[in-house]
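Peer 1: There's a structure below that I have some questions on.
Throughout, read-outs are computed from the coordinates displayed, never taken from laboratory work. Since we're looking at a predicted model, the values are computed, not measured. For neighbour counting, all protein chains shown are included, and Cβ atoms are generated from backbone atoms with ideal geometry for every residue, glycine included.
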């Protein structure tokens, strides 16, 4: 059963319980007089609501607008900037020569798993109340340098033990935002 279904059922039961209490069918004043309900119940409701909202955005395939690759002025490095939304950029065999990603109250998904990487490259990331999801090929090393304030970088990419393999240098500045790197 999906999380949304369970939460929907819980909300229906809670609404029916409240109506039954209002009509005098059941008496539940004893429930709210318990010490645990004063603190735990509101926290559980807030947590559950936040999980539902975050999960609905995370799993919604239409949340990311598929955009063409924005090639920069020099013809190689791309520059992606998002304000209040989400954009996805996917490489399908094109050459990758670095990027600058700016996320302001929004998100960027950059999929490099099928990109052609011929030398060490740099990705410069700046987030403010936003995030970047970076999907990298498993044939490159990922080197991260980060400055974050109430945010951070999660590097979940597999580490290559081969010193001769190419590297992606991630330089991230996050302010209430984050970067997630994975294969």
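Peer 1: No solvent, one uniform scatterer per C-alpha: report log10 I(q)/I(0) for the stretch 101-183 via the Debye equation at q = 0.16, 0.25 1/Å, two decimals.
Peer 2: -0.55, -1.18
Peer 1: Another question, if that's okay. So how do 129, 80, 159 line up by other beta-carbon neighbours within 10 Å, fewest first?
Peer 2: So the ranking, lowest neighbour count to highest, is 159, 129, 80.
Peer 1: Please tell me the relative contact order of the stretch 63-182 in percent, rounded to the nearest whole number, where contacts are Cα pairs under 8 Å and at least six residues apart.
Peer 2: So the answer I get is 23 percent.
Peer 1: Using the number of other C-beta atoms within 10 angstrom as an exposure proxy, rank 13, 132, 153, 143 with the fewest first.
Peer 2: By the 10 Å Cβ count, ascending: 13, 143, 153, 132.
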